[in-house]
Amino acid sequence: MVQNQIQIYLTFLLVIAAGLAGYAQVPNTDTIQIEKQRILKQEHFYDSLENRANQRKLTGWLYDALISPPRPYVDKKALALDYFNKYEGKIIASININALDVFGPSCTDTTKKADNWAEKAANAIHTKSNLKTIRKLLLFKIGDMLDPEVMYENERIIRDLPYIRDVRIYVEQDSVYVGLVNVTVLTKDRFSFGVSGGVNGTSSGDIELYNRNIFGVGHEVSVKFVGHIEREPYLGVETYYNIKNIGGRFLDIKLGYLNTYKREGYVFDLRKPFLTQNVKWGYGGFSARMYRTDRIRNTDPVKVEEPLDLWVNSFWGGRSFNISPRHENITELTLLSGINNWNYFEEPVVDPENSHFFANRTLYMLGLTVSQRRYIQDQLIYSYGITENIPEGFKNELIYGYDANEHGDRHYLHFFTSNGNLLLSRRGYLFTSAGVGGYLKNSKFEEGIIHGEVNFISKLATAGRKRVRTFANLNYTLGVRRFEIENLTLGENDHIRGFDSDIAIGKQRLNVKLEHVVFLPHEFYKFNIAVFGFVDVGAIGSNKQLIFKQDYYSGIGLGIRFHNENLVFETFRLRLAFYPFPPADMSFVGFSLDEQSKQRFISFEPIGPAPMNFE
C-alpha cells in the first residue's frame, strides 16, 4: 500500500518536471504521422496518470489543480471569419439592432429568462443601451459591401466597452435577392450601476457611486465621497463625467472636479485614438488645473509634503499610413507630434537637489511609430467566461523631444519596442517589451531609464470541470542619474503583491512574478470564482552596483477572486500573503480584502508621444 502511494507521488512529480520542460521545447512536426503518434502517446500518458492520481483524494485534487492534459486550441477568429466569408462582397440591405436584458438571455440563446426576483428587478431598473448609441458604433452601414474583417473588428470594438458584456453580429441571406444580406446586431449590457470604496487605516476612507451607461447613451458618471477625520475638508468629493463616441467619431471627452483633503482642481481629457488600422488621424489632450495636490498626476509615484499649485497641459496629434496594403497584416507608419507643459504658480518647498524636478517647462516632441496589430479571441485570462480580445503584433517607437526648461534647455530621446504573439504549438501567449530613454543636457545624460519586461500566459488547460492557467512576469528597470526624490518601489503595480514599504526603495529593480489560477465551474450567488496562488521575488536598491547585489524581498500567498460579468463592478479579491525576511516597516503576514481593476494586455496601438515613465 505504502509502495503504491509513493509510486503515485513520484509519478506526479515527474509529470511536473516533464510539463515544465515541455514549455521550452518545440515538438518535431516533420511529418503528420509523427505528430499523430506523439498526440496519441501523450493522451495515453495523461489518462494513465489521472487514473493513478485518482486512487487517492489528495493526489486527485493536486492533479486537477496542477496537472492538466493539453486542451485543443480553437481558433475563434478563424471560425468567425469563416462565418462572415460566406457573405463577403454582398450588399447590406438592412441593419437591425436588438439590446438584450442584462440577466437572462445571451447572444447565443435569446430565449432565456431571468430566473429570480432580484434579476427581474435589476432588468426593470436598468436602462438598455440606446439603439442609436449602438448604431453610432458600427463601422458599416446600409449599402456597404460586407467585409468579414470589418465585421470581426466591429465586434471587438463594441465588446471592449465597459458597459457591454457581449455582442454578436449575425448575417442572413435576403429571401428575394441573392446579392443582398440582412444584418442583425445583438448586444448584451452589463448592469451599469456600481459602488466602490475603501478604508485607509482609522483616519480616512472613501465611497464611490458610478454609472457606466447613464440613460443608455454610453456616457459615464461617477461621484466619490472622500473623508478624513483630521484634515480639511473633512468630507470632500471627486466627480467625473465621460462623454463617449461624440458624433460617432469615437471621440471621448472627460470632465472632472475634485475637492478633497488630497487635492482640489479641475480635469479635462480628450481622446480620439487610432482605434482601428483604418483610422488615419488621431489626437488627444489633457489639462489639469490643481490648486492643491500632493502629486503632479494621480498615478505619479512622487509625493510632496507641501501642496502643489500647478497647471499641467498636454496635446498631441498624429497621422497614420498603411505601408503594406497588399499584405493580410497591415503595417502602419504613424507620424506623431505633441506638447507637454508644466507650470508651477508657487515654487514647491523641496530639497535643493530636487528643485529641478519641479521646473516650469515645455516639452516639444516628435514621434515615429511602426506597428502591426491583429486580435485573436480566447476566454478566462483576465475576465471570467466572456470573450477576450488578445492583441498580437509589434510596435517600434522612436521619440525625440526638446525641453524648454527654466533650469536650462535639454534634448530628450527614447526608443521603445514591444512584441506579442501566440506561441508555436499554441502553448500560450508571450509579450515582450524593452526601452531606453533619457535627457541630454550639456553633453551629459540625465533622468535616464532602461526597461525590459517579459509576460507569459499559458494556454488554458482542463482539469476535470475546472480551467487552469499560469501567468509569469519578469520585469527590470534601471534609473540613470535620476533625481533624489524619484525612487522605484516593489509595491507599485504589485511587483510584489501586497508589499508596502518606504524602506525597500531604489533606482534599480528586478522582479519575477508567478501565478497559478484555477477557474472554478461553480458560481457563488451568480459570481464566478477563481482561486490563485502566487510567488513574487524582487531585488531593489542602488544603481551603483549590479542588481544581484541588492536587497531581496519576496511574497508567497494565495487568494480567491469573485466577479460577475453582468455587473460593472470591479473584481473582489481576498488575499493572504507571507513575506519572508520583510523590511522593518512591514509585517511578516499580510491579509487584504479589496477590489482589483481589470488588467490589460500590452497594446500595439499608436499613442501620443510622451516620456517613458520611471515607476
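Odds and ends about this structure:
- Dipole magnitude (debye, nearest 20) for segment 363-448, charges at Cβ of Lys, Arg, Asp, Glu: 380
- Calculated P(r) tail over 50 Å for the chain, as whole % of Cα pairs: 15
- Rounded to the nearest 20, the Cβ-based charge dipole of segment 76-189 about its Cα centre (Lys and Arg +1, Asp and Glu -1) stands at 300 debye.
- Here the chain is treated with +1 on each Lys and Arg Cβ and -1 on each Asp and Glu Cβ, and its dipole about the Cα centre works out to around 1680 debye.
- Three-way shape label, segment 257-300, alpha-carbon gyration tensor, a/c 1.5: prolate
- Cα gyration tensor shape for segment 240-323, rounded if a/c is under 1.5, else prolate or oblate: prolate
- Net charge over other residues, Cβ less than 13 angstrom from the Cβ of Glu515 (K, R count +1; D, E count -1): +4
- When both segment 82-146 and segment 215-249 are represented by their alpha-carbon centers, they are found 29 Å apart.
- Extreme residue, positive dipole direction of segment 263-596, given options Thr276, His411, Val531 (C-beta unit charges): Thr276
- Extreme residue, positive dipole direction of the chain, given options Thr470, Asn322, Thr108 (C-beta unit charges): Thr108
- The lysines within cross-link reach of Lys507, meaning a Cα-to-Cα straight distance under 30 Å and a gap of 8 or more places when in the same chain, are Lys262, Lys303, Lys395, Lys441, Lys444, Lys544, Lys549, Lys598.
- Helical content of the chain, expressed as a calculated mean residue ellipticity at 222 nm, amounts to -4500 deg cm²/dmol (DSSP H runs of 4 or more residues, -39,500 (n - 2.57) each, divided by residue number, nearest 500).
- Restricting the chymotrypsin sites (Phe, Trp or Tyr not before Pro) of segment 521-615 to loop positions (DSSP other than H, G, I, E, B) with no more than 14 neighbouring Cβ atoms within 10 Å leaves Tyr525, Phe588.
- In sequence order, segment 431-448 has phi-based couplings of 10, 10, 8, 7, x, 9, x, x, 9, 10, 9, 6, 6, 10, 8, 8, 6, x Hz under the Karplus curve 6.51 cos²θ - 1.76 cosθ + 1.60, θ = phi - 60°, and Gly or Pro positions carry x.
- Neighbour counting of Cβ atoms within 10 Å sorts the residues Ile496, Ile95, fewest neighbours leading, into Ile95, Ile496.
- Restricting the chymotrypsin sites (Phe, Trp or Tyr not before Pro) of segment 275-380 to loop positions (DSSP other than H, G, I, E, B) with no more than 12 neighbouring Cβ atoms within 10 Å leaves Phe345.
- Taking Asp189, Asp585, Asp494 and counting other C-beta atoms within 10 Å, the order from fewest to most: Asp585, Asp494, Asp189
- Enclosed volume per residue, in Å³, of the convex hull spanned by Cα atoms of segment 263-596: 172
- Spatial separation of Cα centroids for segment 432-473 and segment 328-342, in angstrom: 22
- For segment 448-550, the set of GluC sites (Glu not before Pro) satisfying both a DSSP loop assignment and a count of at most 13 other C-beta atoms within 10 Å is given as Glu484.
- Shape category assigned to segment 135-218 from the gyration tensor of Cα positions, a/c cut at 1.5: prolate
- Euclidean distance of C-alpha centroids, segment 257-312 and segment 402-416, integer Å: 21
- Span-like helix check, the chain: no full DSSP H segment qualifies, none having both a Cα axial length of 27 Å or more and a mean Kyte-Doolittle of 1.6 or more.
Only the coordinates and a few stated rules stand behind these numbers; no lab work does. Quick caveat, the model's predicted, so the values are computed rather than measured. Every residue, glycine among them, receives a Cβ derived from its backbone with ideal geometry; neighbour counts consider all protein chains shown.
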